[in-house]
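To start, the structure under review is shown below, and the notes come after it.
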Amino acid sequence: MNIIPTQQILGAQIQGLDLSVALTEPLVDKLILALGTYGVLEFPNQTLTTAQLKAFSERFGELYVSPGGRAQAEGFAEVMILSNMVQDGKPLGLKDAGQSWHTDMSYSKTIAFANVLHGTVIPQRAGKPLGDTQFRNTHAVYQDIPKDLQTRLANKTITHDFNKFWDLMRSRAGSTRPALSEQEKKQRPPAIHPVFLTHPITRQKVLYANPGYATKINELEPHESDEILSYLFALQLQEKYLYSYQWKKDSLLIWDNIGTMHNAVADYDPDEHRYIRRCQVMATRFYGEQGTSAPKLFNAAPA
Ligand SMILES: O=C(O)CCC(=O)C(=O)O
Ligand SMILES: [Fe+2]
């Protein structure tokens with residue numbers, strides 16, 4: 001296996017692995033270390049059945065099953081389809097997933113660790129791929145927060161709410177997202193996490209405050225909370241933290257949901273097709289009863 005860093009703020013390409021066959025545990029541990037270090041890993045030229053994608057993803061931790069059952073791959077509750085394609089009048093998947101800056105599952109008590117996506121149909125125009133997935137480096141953002149603010153927010157927490165992102169997406173022109181039912185709202189109550197998390201792999205601090213789900217800093221007056229959240233959102237949206245991943249057909253991408261936040265670029269039309277299968281790996285291996293305030297740090301098994 002070769003790890004080729006992009007030399008940008010995030011990202012590395014992993015060469016020389018066939019992900020359709022089971023990897024050894026030391027190799028998986030090396031990938032977990034690389035994921036913490038580079039935030040986004042691309043594995044080019046992978047041919048994977050849905051069962052193989054699930055089997056590979058499971059090596060990183062427990063897989064998420066969406067309670068609504070939306071856009072599931074047939075026969076695989078843990079695999080979701082991201083696609084704008086329609087067959088016999090039926091959408092093949094979710095067509096507008098993640099189209100604004102967010103961190104997967106920050107609204108959940110059990111947060112997400114890694115998202116695994118395998119892209120088999122990538123839209124193109126004039127020879128250029130469309131539908132990039134963009135990332136920002138939350139380790140680098142933390143480093144740039146002024147020391148006095150780091151200290152002030154060190155013991156503060158943020159409420160993350162699933163409804164915030166859903167309502168934002170619904171308010172967009174052309175959205176076909178239905179309003180959430182009372183039951184769906186109950187299935188995803190808001191969650192509270194520290195403003196800064198200790199990353200379980202790098203052991204460094206990250207800012208955990210994404211614009212998609214973060215609604216308030218719980219210990220501050222509302223006007224102060226609004227002011228500081230706006231500041232933190234603007235800070236992390238600076239260009240210097242940005243890495244834009246341009247999709248290649250048959251690439252598999254894994255990203256770390258603790259050390260990055262992301263955005264799916266909606267720059268393609270309905271007849272420019274995209275088809276990606278996805279497994280969400282939850283961070284249960286790092287967070288026990290204490291939740292996100294006390295991570296179990298990652299230790300690679302001896303090779
Ligand atoms: O489709 C993409 O590029 C990313 C969508 C997204 O936000 C996700 O899968 O979590
Ligand atoms: Fe996402």
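Take the residues of the range 19-42 that are of a type in the set (V, I, T) and buried (at least 18 other Cβ atoms within 10 Å of the Cβ): which is nearest to the chain's Cα centre (by Cα)?
First, the residues of the range 19-42 that are of a type in the set (V, I, T): 21, 24, 28, 32, 37, 40.
Now restrict to residues that are buried (at least 18 other Cβ atoms within 10 Å of the Cβ): 32, 40.
On the way: I32: 15, V40: 10 Å.
Among those that are of a type in the set (V, I, T) and buried (at least 18 other Cβ atoms within 10 Å of the Cβ), it is V40.
Return a yes/no flag: does the range 226-240 have any residue that is in a strand (DSSP E or B), within 16 Å of ligand 2 (Cβ to nearest atom) and either touching a residue at least 40 places away in the same chain (Cβ under 8 Å) or out of contact with any helix residue (DSSP H, G or I) (no Cβ under 9 Å at 6 or more places or on another chain) (or both).
The answer is no; no qualifying residue exists.
State yes or no: is G61 in a loop (DSSP other than H, G, I, E, B) and modelled with pLDDT under 95?
Numbers: in a loop (DSSP other than H, G, I, E, B): yes; modelled with pLDDT under 95: no.
When the stated conditions are applied, G61 does not pass them.
Got a number for residues in the range 13-35 being among the charged types (D, E, K, R) and touching an Asp or Glu at 6+ places or on another chain (Cβ under 6 Å)? So that I can check it myself, show each step before the final result.
Going through the range 13-35, the residues among the charged types (D, E, K, R) turn out to be 18, 25, 29-30.
Imposing the further condition that a residue be touching an Asp or Glu at 6+ places or on another chain (Cβ under 6 Å) reduces the set to none.
Residues meeting the conditions: 0.
Counting only residues that are within 11 Å of ligand 1 (Cβ to nearest atom) and surrounded by 21 or more Cβ atoms within 10 Å (Cβ to Cβ), which one in the range 264-300 is farthest from A51 (Cα to Cα)?
Among those that are within 11 Å of ligand 1 (Cβ to nearest atom) and surrounded by 21 or more Cβ atoms within 10 Å (Cβ to Cβ), it is R274.
Mind checking which residues of the range 251-266 are of a type outside the set (G, A, S), more than 23 Å from E78 (Cβ to Cβ) and assigned to a loop (DSSP other than H, G, I, E, B)?
The one that is of a type outside the set (G, A, S), more than 23 Å from E78 (Cβ to Cβ) and assigned to a loop (DSSP other than H, G, I, E, B): V265.
I'd like to know if the range 43-58 contains one or more residues that are within 24 Å of A191 (Cβ to Cβ) and either surrounded by 17 or more Cβ atoms within 10 Å (Cβ to Cβ) or within 15 Å of ligand 2 (Cβ to nearest atom) (or both).
So far as the range 43-58 goes, yes, one or more of its residues are within 24 Å of A191 (Cβ to Cβ) and either surrounded by 17 or more Cβ atoms within 10 Å (Cβ to Cβ) or within 15 Å of ligand 2 (Cβ to nearest atom) (or both).
Within the range 214-227, is there a residue that is within 16 Å of D104 (Cα to Cα) and either surrounded by 13 or more Cβ atoms within 10 Å (Cβ to Cβ) or among the polar types (S, T, N, Q) (or both)?
Going through the range 214-227, the residues within 16 Å of D104 (Cα to Cα) turn out to be 214-215.
Subset that is either surrounded by 13 or more Cβ atoms within 10 Å (Cβ to Cβ) or among the polar types (S, T, N, Q) (or both): 214-215.
Scanning the range 214-227, I find at least one residue that is within 16 Å of D104 (Cα to Cα) and either surrounded by 13 or more Cβ atoms within 10 Å (Cβ to Cβ) or among the polar types (S, T, N, Q) (or both), so the answer is yes.
Scanning the range 267-283 for residues that are in a loop (DSSP other than H, G, I, E, B) and touching a strand residue (DSSP E or B) at 6+ places or on another chain (Cβ under 8 Å), which turns out farthest from S83 (Cα to Cα)? Spell out how you get there, then give the answer.
Looking only at the range 267-283, we keep the residues that are in a loop (DSSP other than H, G, I, E, B), and these are 267-274, 283.
Next, from what is left, pick out any that are touching a strand residue (DSSP E or B) at 6+ places or on another chain (Cβ under 8 Å): 268, 272-274, 283.
Values: Y268: 12, E272: 10, H273: 7, R274: 5, A283: 26 Å.
Restricting to residues being in a loop (DSSP other than H, G, I, E, B) and touching a strand residue (DSSP E or B) at 6+ places or on another chain (Cβ under 8 Å), the top hit is A283.
Considering only the range 70-173, give the helices (runs of 4 or more DSSP H) lying wholly within it that have at least 2 residues that are out of contact with any Gly (no Cβ under 6 Å at 6 or more places or on another chain) and more than 25 Å from I201 (Cβ to Cβ).
Values: elements: 138-144, 147-153, 162-170.
The qualifying helices (runs of 4 or more DSSP H) are 147-153, 162-170.
When R70 is evaluated against the numbered criteria (1) under 30 Å from T176 (Cα atoms); (2) crowded, with 16+ Cβ neighbours inside 10 Å; (3) of a type outside the set (A, V, I, L, M), which criterion, by number, is the only one it fails?
(2)
For the range 266-283, does any single residue satisfy the condition of being aromatic (F, W, Y), under 26 Å from P44 (Cα atoms), more than 16 Å from ligand 2 (Cβ to nearest atom) and out of contact with any Ser or Thr (no Cβ under 9 Å at 6 or more places or on another chain)?
Initial filter on the range 266-283 (aromatic (F, W, Y)): 268, 275.
From what is left, the residues that are under 26 Å from P44 (Cα atoms) are 268, 275.
Cutting the leftovers down to more than 16 Å from ligand 2 (Cβ to nearest atom) gives us 268, 275.
Subsequent filtering for residues that are out of contact with any Ser or Thr (no Cβ under 9 Å at 6 or more places or on another chain) retains 268.
Looking through the range 266-283, at least one residue is aromatic (F, W, Y), under 26 Å from P44 (Cα atoms), more than 16 Å from ligand 2 (Cβ to nearest atom) and out of contact with any Ser or Thr (no Cβ under 9 Å at 6 or more places or on another chain).
With G98, G131, G89, G119 as the choices, which residue is more than 30 Å from S230 (Cα to Cα) and within 16 Å of ligand 2 (Cβ to nearest atom)? Lay out the reasoning, then the answer.
Details: G98 fails: more than 30 Å from S230 (Cα to Cα); G131 fails: more than 30 Å from S230 (Cα to Cα); G89 fails: within 16 Å of ligand 2 (Cβ to nearest atom).
Just a single option satisfies the conditions, and that option is G119.
Confirm whether D256 is crowded, with 17+ Cβ neighbours inside 10 Å and within 25 Å of I9 (Cβ to Cβ). Spell out the reasoning first.
Values: crowded, with 17+ Cβ neighbours inside 10 Å: yes; within 25 Å of I9 (Cβ to Cβ): yes.
For D256, the condition - crowded, with 17+ Cβ neighbours inside 10 Å and within 25 Å of I9 (Cβ to Cβ) - is met.
Working carefully through the options R125, R70, R136, find the one that is over 17 Å from the mean Cα position of the chain (by Cα) and within 15 Å of ligand 2 (Cβ to nearest atom).
R70
The values are calculated or read from the model by the stated rules, or taken from the named source; none is laboratory data. Keep in mind the model is a prediction, meaning the values are calculated, not measured. Backbone-built Cβ (ideal geometry, glycine too); neighbour counts: all protein chains shown.
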